[in-house]
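A.B. asks: Dropping the structure in here first, questions after.
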Amino acid sequence: MATDRRRRGGTGPTAPDAPTAGKDLNPVLERLADLERRSLLAEQARQQAHRLRTPLSVIDLIAETMQLESHADTQRAERLARIQSAAGSLATELSEAVKSTRFGDGPRQRVDASALAAEVVRSFGGDVAADGAVGITIAVEPGSLEAALVHALRLVGVGTDCNGVCAQRPRLRTEQRDGEVWLAITAAGAQPPDTPRERADLRLMAKAAERVAQDHGGSLTLGPDSATFRLPLGGD
């Protein structure tokens, strides 16, 4: 019976197994997964708003111009006004969608970025190869940086559906260089990671992680099997 239930329901646990599985949930990983989801939702809303605002602005401008040219045709002017109003409503909805999914806009705190990154990497079964920036604090929004680090782990093949090569163990190396803290994540496994970067969700992760780095005045460099955050020491 259990086999039949698994076949009908996919690869997930059957109903009797679910409570036991719930007891095994790692609260740290659950918190990081929640940050990851919220970060992706916020980035998706920003990307959609960015793509749609330009055509909506064009519609609004053309409708307004045609209204000015149609002052003698009341009915035409009214139809154009409805088009302009609809475009304005859509623009407002986009703004509301961005506001409702806001993430990472909390107060910045001075934290040990090296220790924060090490905790995230170790939560995914990784280790710290070298910790050259331990004890150095920088001003960051902790939740957004944690989410960006999780995105980076996915991008180097950790916990990603990567064409059967999914046994990657993350490794963190940190250092202080040229007025910056460097957080370098790589992955090691029996085979090189084969992360499908063309997937829409992974492209979204890359954009979200890059945005976090840039919002903190730094940068993110992505390689085939590496991700390096460079965050400035200055700032409050």
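The values are calculated or read from the model by the stated rules, or taken from the named source; none is laboratory data. What you see is a predicted model, and the numbers here were worked out from it, not measured in a lab. Glycine also receives a Cβ, built like all others from the backbone with ideal geometry; neighbour counts cover every protein chain displayed. Keep in mind that these areas ignore ligands, DNA and RNA; they rest on the heavy atoms of the full protein, side chains included. Shrake-Rupley method; radii C 1.70, N 1.55, O 1.52, S 1.80 Å.
A.B. asks: Cβ-Cβ under 6 Å, sequence separation 6+ or interchain: first residue in region 110-129 and touching a residue at least 40 places away in the same chain (Cβ under 8 Å) and farther than 14 Å from R31 by Cβ, partner open to solvent by less than 30 Å² (accessible area, probe 1.4 Å) and assigned to a helix (DSSP H, G or I). Which pairs?
C.D. replies: So the pair list comes out as A117/L149; V128/A118.
A.B. asks: Which one of these does S123 not meet: (1) out of contact with any strand residue (DSSP E or B) (no Cβ under 9 Å at 6 or more places or on another chain); (2) open to solvent by 40 Å² or more (accessible area, probe 1.4 Å)?
C.D. replies: S123 satisfies every listed condition except (2).
A.B. asks: Could I ask something else about it? Hey, among L222, L183, L172, L233, which residue is modelled with pLDDT of 90 or more, over 21 Å from the mean Cα position of the chain (by Cα) and over 17 Å from E43 (Cα atoms)?
C.D. replies: Only one candidate qualifies: L233.
A.B. asks: Let me ask something additional. From the list L94, L90, exactly one residue is out of contact with any strand residue (DSSP E or B) (no Cβ under 8 Å at 6 or more places or on another chain), touching a residue at least 12 places away in the same chain (Cβ under 8 Å) and more than 17 Å from L40 (Cα to Cα). Which is it?
C.D. replies: Just one listed residue meets the conditions, L90.
A.B. asks: Scan region 105-153 residue by residue and report those that are assigned to a loop (DSSP other than H, G, I, E, B) and either β-branched (V, I, T) or farther than 12 Å from E36 by Cβ (or both).
C.D. replies: Of everything in region 105-153, those that are assigned to a loop (DSSP other than H, G, I, E, B) and either β-branched (V, I, T) or farther than 12 Å from E36 by Cβ (or both) turn out to be D105, G106, P107, R108, G125, G126, G132, A133, V134, G135, I136, E141.
A.B. asks: For A72, work out the one condition from (1) open to solvent by less than 90 Å² (accessible area, probe 1.4 Å); (2) not in a helix (DSSP H, G or I) it doesn't fulfil.
C.D. replies: (1)
A.B. asks: Which condition breaks for V134 when tested against (1) out of contact with any Gly (no Cβ under 8 Å at 6 or more places or on another chain); (2) under 21 Å from G217 (Cβ atoms)?
C.D. replies: (2)
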